[in-house]
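Reading through the structure tokens given below for one structure.
The values are calculated or read from the model by the stated rules, or taken from the named source; none is laboratory data. On a predicted model such as this, the values are computed, not experimentally measured, just so you know. Here the Cβ is made from the backbone with ideal geometry for all residues, glycine too, and neighbour counts use every protein chain on show. Calculation scope for accessible area: heavy atoms of the full protein, side chains included, ligands and nucleic acids excluded. Shrake-Rupley method; radii C 1.70, N 1.55, O 1.52, S 1.80 Å.
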Number of protein chains: 2
Amino acid sequence: MDLRRLRYFVAVAEARSVGKAAERLRMAQPPLSVQIRKLEAEIGAPLFRRGTRGMDLTEAGQALFARAGEALALAADGAEAARAVAAGRRGRISVGYMFVLANAVLPRLIPELRRSIPGVDLDFAELSASTREARLLDRSVTVALCMPAIHHPEIQVARIGAQLFMLAMPIRSPLARLGSVPMARLQGRPLIALPRPDQDPASSAVTALLRRHQIVMPVAGRVETVHSAMSLVLAGEGLAILPACAQLGAPRGIVFRRLRDATDSIDVAVCWRRDSHSPLIRTFLKCAEKVVARL
Amino acid sequence: MDLRRLRYFVAVAEARSVGKAAERLRMAQPPLSVQIRKLEAEIGAPLFRRGTRGMDLTEAGQALFARAGEALALAADGAEAARAVAAGRRGRISVGYMFVLANAVLPRLIPELRRSIPGVDLDFAELSASTREARLLDRSVTVALCMPAIHHPEIQVARIGAQLFMLAMPIRSPLARLGSVPMARLQGRPLIALPRPDQDPASSAVTALLRRHQIVMPVAGRVETVHSAMSLVLAGEGLAILPACAQLGAPRGIVFRRLRDATDSIDVAVCWRRDSHSPLIRTFLKCAEKVVARL
DNA sequence: CATTGGCATACCGAAAGAATATGGGTTGGC
DNA sequence: GCCAACCCATATTCTTTCGGTATGCCAATG
């Protein structure tokens, strides 16, 4: 059973005439006549009654006709759906984000995305520093909003912004009275650190920053997330050096101050698999750039 | 869009491999590979991700796959439905019948038909003597149960039985005391007749019967239907000569008696268009013969 | 009886399909 | 680290199928 034959059959059934149908199909009448007879041979029964004034569906022909139109429509729809997905007009995109960025980015990013890709299903998933790579590689997320970027041969990165490192402290801390804190004032103070530098690029950036200024801060605690760090800071266990955007999720009682002579920052990036060629990724990137630019 | 390509596509998507799919399709691997690429060219986007261990649907491919299976099934189902209709396993048949036969035939015919052609939609329509030909010719009924048969070059007839002509009279008529009525006793009595013999073959059969026995019966009334005739008989307007099966629909107060020396009868027949080749007609004929044989 | 309108058949050139042979890239074993 | 195995892609050739033109057949019409 061939879709071409089915299309011809439908045309003849609708035109109730081989000649008329051939005209509409922009082909000659004889080959159409041949195709119809081949279809009848394939079915094993006449589909048309040949009269002197044209052709007319038999009962068997009516049974086929009832389904043929639908089958044609479904095939065409399938092709169109595939094209739409490939062009980014339809489909789904699963967006992973790291929680530090959630408060700063998502409230503006989500409406922006819905406006840009209205036919697309959106899906969000929080990523941890330790799983984000795997989630991209196994395609359980399409793109990841990361801080900092992921480095991996299979993963493509687009830097879309940066966040300054700031000092987070309890509001009652004497340093909080300063508008910005000179690096020297950190010397010897306890630090609430993120995971070991070899496991967490953010942490290694902080380590590098301190080393560059020849500051030593004893590690008073090591935690997994920025939020845990802020909890310990609030509890008076020490200070933390965190990306500026963490302020937005900070509990009351925590204040952030610039580090006077350090302009170190951490990249905000969009990451995706190199072999994901969905145009949705480009669109997502545009939206994310726009939102992060106004951070 | 070609069904073959769609079928190949589904096979490759399910096997997640061109080679495996080719094996299942009993063809070589290269032409299948070519067809898949042609389909991708037609869609304008890759449908598979080529890995080192086989192929995997892209998002666009998934969108197509979701509809392709259904389209294939629908096309196959259409072909099968057409075959089923052609073979008489499915379909519909519209049965016309003349009302005189209804009481005698339908109660046994309908269950017989439902048993014989369970997948078929049945449809019944009462026919009048004047419209039965037209209803067959315009296909608004597929077969007609007629008494007597229709004669027309486009219409095929199968005689399936006959009904004896009997005399219908009021129960209080003196003739009713006889077991059967000699023809001679009809001489001069008023007759309730059906339409003019040139318009109604049943009527012309009665006329011939009387003429052959040299009986003259003045026409006391001419009516369209057997039932009207019986009403007038009951009202005492005259006698009627009617097919035996009319007894089953006769009102109380009417009795039927054999005509002692007349064995004239009227044919019961199944009629259909010569160009209707539905096997359902044969089946219908079998059922009708069986039922009428036991009348 | 000729003309017209409609479908079917015959035949030919063009296009598409399938098979065989082969290339290239990746994986996994020795 | 090299070689064999595996899998998909490409090239070439042969066959099938398709579409076009020319023509035939039949019925209806005047």
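Does region A:132-144 hold any residues that are open to solvent by less than 60 Å² (accessible area, probe 1.4 Å) and touching a strand residue (DSSP E or B) at 6+ places or on another chain (Cβ under 9 Å), and which are they? Answer for region A:132-144, where residues must be open to solvent by less than 60 Å² (accessible area, probe 1.4 Å) and touching a strand residue (DSSP E or B) at 6+ places or on another chain (Cβ under 9 Å): A:Arg132, A:Leu136, A:Leu137, A:Ser140, A:Val141, A:Thr142, A:Val143, A:Ala144.
State the number of residues belonging to region A:105-134 that are assigned to a helix (DSSP H, G or I) and at pLDDT below 90. Explain how you work it out, then say what you get.
At the first step, the residues of region A:105-134 found to be assigned to a helix (DSSP H, G or I) are A:105-116, A:132-134.
Filter once more, so that each one left must be at pLDDT below 90: A:132-134.
The total comes to 3.
Looking at region A:116-125, can you tell me whether even one residue there is under 24 Å from A:Val255 (Cα atoms) and touching a strand residue (DSSP E or B) at 6+ places or on another chain (Cβ under 9 Å)? Taking every residue of region A:116-125 in turn, none turns out to be under 24 Å from A:Val255 (Cα atoms) and touching a strand residue (DSSP E or B) at 6+ places or on another chain (Cβ under 9 Å). Output the residues belonging to region A:51-87 that are open to solvent by 50 Å² or more (accessible area, probe 1.4 Å) and under 21 Å from B:Arg92 (Cα atoms). Scanning region A:51-87 gives A:Asp56, A:Glu59, A:Gln62, A:Phe65, A:Ala66, A:Arg67. In the condition set (1) within 16 Å of DNA strand D (Cβ to nearest atom); (2) among the small types (Gly, Ala, Ser); (3) assigned by TED's automatic domain parsing to the domain that holds A:Phe284, A:Gly96 is compliant with all but (1).
The residues in region B:3-37 that are surrounded by 15 or more Cβ atoms within 10 Å (Cβ to Cβ), free of Cβ contacts under 8 Å to residues at least 12 places away in the same chain and more than 10 Å from DNA strand D (Cβ to nearest atom) can be counted, and the count is 0.
If the condition is being facing chain B (nearest Cβ under 7 Å) and of a type in the set (Asp, Glu), then region A:50-96 contributes A:Glu59, A:Glu70, A:Asp77.
For region A:250-295, what are the residues that are open to solvent by 30 Å² or more (accessible area, probe 1.4 Å), touching a Pro at 6+ places or on another chain (Cβ under 9 Å) and farther than 28 Å from A:Gly238 by Cα? Those that are open to solvent by 30 Å² or more (accessible area, probe 1.4 Å), touching a Pro at 6+ places or on another chain (Cβ under 9 Å) and farther than 28 Å from A:Gly238 by Cα: A:Arg274, A:His277. Evaluating A:Ala235 against the criteria (1) among the aliphatic types (A, V, I, L, M); (2) touching a residue at least 12 places away in the same chain (Cβ under 8 Å); (3) over 17 Å from A:Met98 (Cβ atoms) leaves one unmet condition, (2).
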